[in-house]
Amino acid sequence: MKFRSTKGISPLISYKDAVLNCLPDDSGLYVPDHVPDFRQYFLHMDENTSFNDLVASVAPLFFKACLNPVAASKVVQSAYNFEPKLIKLDEKISILNLYNGPTGVFKDFGIAFMSAILEEILEDGRQIMILAAARPDTGVSMAHAFSGRKGISLVLLYPSGHIRGLDPSAFVQNGGNIIPIQVKGTFDDCQRLVVETILDREFSARYNVTSANSINPGRLFPQAFYYLYAFTQIKNFISGDLMFSVPCGNFGNLISGLYAWKFGMPVNGFIAAMNANNSFAGYLHDKPFKPSRLIHTNSPALDVSFPLNYERLNSFYEEAPAVMRNMVYPVSIDDETTFKTIEYVNKKYDIFIDPHTAVAFAAVQELIKTGNEYEHNIVLATGDPARSVNTVEEATRKAVKVPGHFIMMQRNCDAVAIIPPYLDAFESAVASCF
Ligand SMILES: *Cc1c(COP(=O)(O)O)cnc(C)c1O
C-alpha cells in the first residue's frame, strides 16, 4: 500500500516513510493511494477469533514491505495486552468497548500499535523524535505508549494550564525518553508548532522528527482493526444492515471506520455523532465547510471547531460525493440529551457509559425514531466512564468505581521547559534537551 498526499503534488511514498515523515510538502495529508480488498483475509474469521489474531493476520497486508507475518505477531504482542469488547445489548444495539487500554480511551489502540511498529521499523538503529500536541488526558496515553521505547523520544507540547498524570521518572532529565514542554498559549498553538517544526525541513532532518497526532497515518490505520473485529464478532448474530455510531471530534476514529469499509468490511453506514460543535454537519450535507466558534460542552473530547482530519474526509467526498452522502449520517446531540442518555442507558441496561459514548448512543436513538427496522447499530464506547466520573455520577445518581491508576492520572506535574508559542523558542528548548 503506497501513500499519496491529498493535495496530489508530493510524490507517492511507502507506509514506513509516511510514518517517519508524516507531512507532505504540499500541505495535504497522507492517504492510501489505492485501497486493496482485504475481504478474503477476515471474512472467514468469527466470534472465536481473538483481536490479536485478527490484527496479526491483517496488519502485514496494510504494511507490506515493512512488516512480514513474523514481525507482525511480534508487534501485536508488544502493542496489545488489552482488547476491545463487544456487548450486545438488544436486537438493535451493541456497544463496542474501546476503553480497556492503559489510559481508558480508544486512542490507546492506535497509539500502542504505532509505538510498537516504530520500534520494529527502527531496528536499524536510527533515533527519531516524535512531537505531539497534548491535552492533559491525551498526553498521558502517548507517554504511556512511548515510554522506554528504543530509539524514540517523545516531545509533548502542552497548552497553558495543567499537565497531568505523567511519570517524572520517564522524563528526559531522569534518563527517560519523555519530554513535556509547556507552551504559553492554546492547544491550537501547540498543533501549529508541531506542523511548523515538521515543515522546518532542516530541523526535522537533524532530529528525524515526526508526529504522533492523528495527522500521522501510522496512528490512524490501526484503528481500522477494531471495526473489523466488531464485524467478525457480530456477523453470525445479526441479519440485515449494520451501522456504526462514532462520537466525532477530530474525525480520526470515523476516518478509520471509513477505511475499514473501503478494505471490504460489509457495513451500511456510519453515524457521525457530534455535540454542539457540529459545523461539520452542513459539510456532510454537501455545503462548503465553515468552522464556527468553539463551544464548551459536557463531552469535551468532541469540542473541536476545525477537525485535524478535514483534508482526509474531504478526499473521500471529492472522490464520490453521492456515495458518501449515503454512507455518513451526521447527527448533533445537545448537553441535556447527553446527560439524560447516560441515565437512560444505566437504568435500562445496568451499565455506565461516558458522555462521549452517550452522544453516539443518543444519535442512534434519533435515527431509530425515523429509520430502518432491520438495522443493528454498534455504538463505539470511546472513553471509560470512570474518566468522566463527575458527569456520570451526577447523571445516574450512583457511585462509579475509579481504578487507582486513573486517580494517579489526575496528579499534576511540571514541564521540562515553559516557552512562548514561537517556533524558535520551541526548537531551542528541544535542542537543549539533547
Ligand atoms: C479523542 C476522543 C474522541 C474523538 O475522537 P476523534 O478521533 O478525535 O474524532 C471521542 N471520545 C473520546 C473519549 C476521546 O478521547
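The values are calculated or read from the model by the stated rules, or taken from the named source; none is laboratory data. Because the structure is a prediction, the values reported are computed rather than measured. Neighbour counts are summed over all protein chains in view; Cβ atoms, including those assigned to glycine, are modelled from backbone coordinates with ideal geometry. Note: accessible area is taken over every heavy atom of the protein model, side chains too, but ligands, DNA and RNA are not part of it. Shrake-Rupley method; radii C 1.70, N 1.55, O 1.52, S 1.80 Å.
Take the conditions (1) among the aromatic types (F, W, Y); (2) touching a residue at least 40 places away in the same chain (Cβ under 8 Å); (3) within 16 Å of the ligand (Cβ to nearest atom); F62 misses just one of them, which is (3). Which of the following residues is closer than 30 Å to Y344 by Cβ and at pLDDT below 95: D90, D17, D33, D37? When all the criteria are applied, what remains is D90.
Which condition number in (1) within 13 Å of the ligand (Cβ to nearest atom); (2) in a loop (DSSP other than H, G, I, E, B); (3) under 24 Å from A132 (Cβ atoms) is the one that L294 fails? Condition (1) is where L294 drops out.
Where helices (runs of 4 or more DSSP H) fall wholly inside the stretch 183-261, the ranges with 2 or more residues that are more than 15 Å from the ligand (Cβ to nearest atom) are 187-199, 201-207, 224-234. For the stretch 133-147, the criterion of being open to solvent by less than 40 Å² (accessible area, probe 1.4 Å), free of Cβ contacts under 8 Å to residues at least 40 places away in the same chain, under 23 Å from S428 (Cα atoms) and not assigned by TED's automatic domain parsing to the domain that holds L308 is met by at least one residue. Among the residues of the stretch 374-400, just one is charged (D, E, K, R), modelled with pLDDT under 95 and either surrounded by fewer than 16 Cβ atoms within 10 Å (Cβ to Cβ) or within 16 Å of the ligand (Cβ to nearest atom) (or both), namely R387.
Has the stretch 150-169 got any residue that is open to solvent by 10 Å² or more (accessible area, probe 1.4 Å), over 30 Å from A56 (Cβ atoms) and in a helix (DSSP H, G or I)? Checking the stretch 150-169: at least one residue is open to solvent by 10 Å² or more (accessible area, probe 1.4 Å), over 30 Å from A56 (Cβ atoms) and in a helix (DSSP H, G or I). Candidates are the residues of the stretch 262-280 that are within 16 Å of the ligand (Cβ to nearest atom) and assigned to a helix (DSSP H, G or I); the one that is farthest from I117 (Cα to Cα) is S279. Residues of the stretch 353-371 that are over 23 Å from G104 (Cβ atoms) and among the small types (G, A, S): G371 alone. Just one of the listed residues (G264, G249) is in contact with a Pro (Cβ under 8 Å, 6 or more places away or on another chain) and in the same structural domain as I333 (by TED's automatic domain parsing), and it is G249. Selection of the stretch 313-323 for residues being crowded, with 17+ Cβ neighbours inside 10 Å and in contact (Cβ under 8 Å) with a residue 40 or more places away in the chain yields L313, S315, F316.
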